[in-house]
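Asker: First the structure, then my questions, so here it is.
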Amino acid sequence: MSTVPPYRILPGKRYPPGAKAYPDGVNFCVFSQQATQVELLLYATADSPKPLQIVQLNPEQHRTFFFWHVFVEKLPVGVHYTWRMEGLSNTQQSGARFNPQKELLDPWARAVTDVLWQREQNCTETGATPGMRAIVVAEPDGYNWEGDEPLAHPSEQHIIYELHVGGFTRHPSATVQHPGTFAGIIEKIPYLQRLGITAVELMPIMAFDVQDVPDSVAKRGLSNYWGYSTHSFFSPHPHYCVTPLAGTHKNEFRDLVKALHKAGISLIMDVVFNHTAEGGATGPFINFKGMGNEIFYHLDALDKRIYRDYTGCGNTFNCNHPLVTNFIVDCLEYWVNEMHVDGFRFDLASALVRGEDGNPMYHAPVTWAIEFSSSLSRAHLIAEAWDAGGLYQVGGFPGFRWAEWNGRYRDLMRRFVRGDPGLIGEVASRLSGSSDLYQPSGRLPINSINFITCHDGFTLYDAVSYHQKHNQANGESNRDGHNDNLTWNCGVEGDTQEPDILRLRHQQAKNFMALMLLSQGIPMLWAGDEVLRSQKGNNNAYCQDNELNWFDWNLLEKNQAMLGFTRALIALRKRHPSLMRRRFLTGKSSNNSAADITWHGKKLEKPQWDDPTARVLGFTLVGLDAQEADLHVFMNMSEGTLEITLPPLSKRQWCLAVDTGQAAPLDAVLPTAQRPIAQAVYQVKPRTLVVFESTVAETALAAPL
């Protein structure tokens, strides 16, 4: 330390919240409406057993309205700190849960550590136990952005790749210098480029409680791997940093953002504002609970000891209280302005539209404040448009800019590919960008995030290998996770060496991948699906920080055929603007040109809309201009081979681009290797998707993969 404590203190000021370093010291500010006494505890390091100074705040000098503040002269950056508070104790009536024995984390902290954290001990009402600690960091810190700015990729051009920061490089086969960190991902950016994705969607990277798991899970030595247990919304997760004890959180994350941007890849953060790591009444004291429990959480109107739980996680963040709304918007603007993030995916976003009484609001202040924020005007906004309280808003999430995880797309495509009949009408709607969901309200195809799998549920390969979940390893007696996964195991549950079943599974996986990349809207892949990563049938692997979840880089060689197929389909999508439309298809012709899309059944222009047994569908998609090749797609999810007739072309010829019934490399033929189809008919095998491209100019045929 630059001086010997005790440090001299001054009244300080109420803005900004958090710890703000200045040349002559640090200003601390925190919010608490009902606190009567407040203490600031200063520590030399993350694991110092005792504070180097305890600063008592006098309400007459250190409180303005409901903000408590103090300025500590000559305090250097790098100091760790916590808060303690006393106040009202009548929880049933007031909702306050002050406990002067608990050390509390600054909700506005820019960097935090959890070296001494023991969740179980902090769940008790009595006893002084060490808490997590915040770190005073320099702001501004002189970080060299090298001219970087958030990218401005048009939404329709996005190909999103959801990944877990830790799991992406933690497997020994990753061979990176710093496994499981932001730095580890930087080393793998060339792989992301070769794959062709344009945006990574990182599972939660805001600081979360790794110890937040049920007792039965913790007894197995398991931890919270996914990260949906946030406690510090302004701080990158310390476990994803190389030197977190030095407070390098911000710059390590910025290094990742900058490196991705240099590669032309956007970064979208998965954010969890629906609940926090503090759980319900028996959960730990971390920050919000001990400072403003009655403001930050939904509480029962009659008995405020009871937490309303619309999230399945013990509490619900009270997002539409004015202070909480401001906290959330300020936080998002910080990640965009200071960290150059390109967008956000909101976990259980429907919880955000619940008013203070718990009822849903269309004009929820927080969602509209996010939508209209000038700082967030170019940020991509994605909602998981449901919550655990029964609110399901796919197709109707409040707001216009908000894209949605289209759960209806996922469910329907899983049923269609496994062979359920009578779905082709809705399949056509989903392929077309779900106009039935979004067009009536004036929204666009880009409001639909199309996905088959994500972190929550089976991997792609497990979706074609398992009919039932197998979550016994989680320690919850297989009660956790979804029971109805809309999957088909191709004849055998789980692992098998049967060649015909393995071939069919690979074919079904290709069908799913092709459908997603041929659909209007924004496709999202789950990391590892392109190399057929398996979780052995575990569809809720939230607590498995081990090889069950980690990306095994050996699969790039083992399943190189699926990797090559995925790369080829991504490249096909990129060379066809007609697959990335901002406006909905009409099915009508204009200006003497052909209709933008024509639908087919077993016969040309005769889709079997009203046939309850139909399992086949085709469509012809016209290029947006004369240089773009037309596409003809046919999906045969029946168990018999079909002979289809290709639509006539006056000046071009059809070339086979994709046939999921073929082995590599004939399953996805590169443009330079495509040859015209000699006859106007083609045999489509059972459970097969085929794509034909019309011949185009040489420059287009030679487009790189």
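We did not get these values from a lab; they are worked out from the coordinates using the rules stated. None of these values were measured; they are calculated from a predicted model. Cβ coordinates were reconstructed from backbone atoms using ideal geometry, including for glycine residues, and neighbour counts include every protein chain displayed.
Asker: Calculated FRET efficiency, THR613 and ARG378, Cβ-Cβ r, R0 60 Å, to nearest 0.05?
Answerer: Working from the Cβ atoms, E equals 0.80.
Asker: Can you tell me how much longer the chain between GLU333 and TYR143 gets when fully stretched, taken as 0.36 nm per residue apart minus their C-alpha distance, in nm with one decimal?
Answerer: Between GLU333 and TYR143, full extension yields an extra 66.6 nm.
Asker: Suppose R0 equals 22 Å. What FRET efficiency, 1/(1 + (r/R0)^6) with r the Cβ-Cβ distance, do GLN101 and ARG305 give to the nearest 0.05?
Answerer: Efficiency, rounded to the nearest 0.05: 0.70.
Asker: At a Förster radius of 41 Å, what calculated FRET efficiency corresponds to the Cβ-Cβ distance of ASP357 and CYS123, to the nearest 0.05?
Answerer: That pair, ASP357 with CYS123, gives E of 0.90.
Asker: Give me the mean projected area, in nm² to one decimal, of the convex hull enclosing the Cα positions of the chain.
Answerer: Working: hull surface 125.5 nm².
For the Cα atoms of the chain, the hull's average projected area reads 31.4 nm².
Asker: Here's another thing I want to ask about it. May I ask you to compute the full-extension gain from SER216 to GLU73, defined as 0.36 nm times their residue separation minus their alpha-carbon distance, rounded to one decimal in nm?
Answerer: This chain segment gains 46.7 nm when fully extended.
Asker: Quick check: from the Cα gyration tensor, does segment 586-701 come out rounded (a/c under 1.5), prolate or oblate?
Answerer: Since a/c reaches 1.5 but b/c is at least a/b, the shape of segment 586-701 is classed as oblate.
Asker: What is the extension gain from ALA626 to ALA680, computed as 0.36 nm multiplied by their sequence separation minus the C-alpha to C-alpha distance, in nm to one decimal?
Answerer: Fully extending the segment from ALA626 to ALA680 adds 17.2 nm.
Asker: Now a separate question. Quick one: grab the alpha carbon gyration tensor of segment 178-237, order the square roots of its eigenvalues as a ≥ b ≥ c, and give me rounded if a/c is under 1.5, else prolate or oblate depending on whether a/b is larger than b/c.
Answerer: Prolate, since a/c reaches 1.5 and a/b exceeds b/c.
Asker: On to the next question. Among the GluC sites (Glu not before Pro) in segment 418-507, which ones are in a DSSP loop with at most 15 other Cβ atoms within 10 Å of the Cβ? Mind listing them?
Answerer: Those satisfying the criteria are GLU493.
Asker: Among rounded, prolate and oblate, which fits segment 9-135 when a ≥ b ≥ c are the square roots of the eigenvalues of its C-alpha gyration tensor, a/c under 1.5 means rounded, and a/b larger than b/c means prolate?
Answerer: It is oblate, given that a/c is not under 1.5 and a/b is not larger than b/c.
Asker: Okay, moving on. Straight-line reach only, C-alpha to C-alpha below 21 angstrom: list the lysines that LYS574 could link to, leaving out same-chain residues fewer than 8 apart.
Answerer: LYS262, LYS510
Asker: Follow-up. So, counting K/R as plus one and D/E as minus one, what does the shell of residues with Cβ under 10 Å around ALA96 add up to?
Answerer: Combined, the nearby Lys, Arg, Asp and Glu give +2.
Asker: Given Cβ point charges of +1 (Lys, Arg) and -1 (Asp, Glu) and nothing else, what value in debye, to the nearest 20, does the dipole of the chain about its Cα centre take?
Answerer: 940 debye
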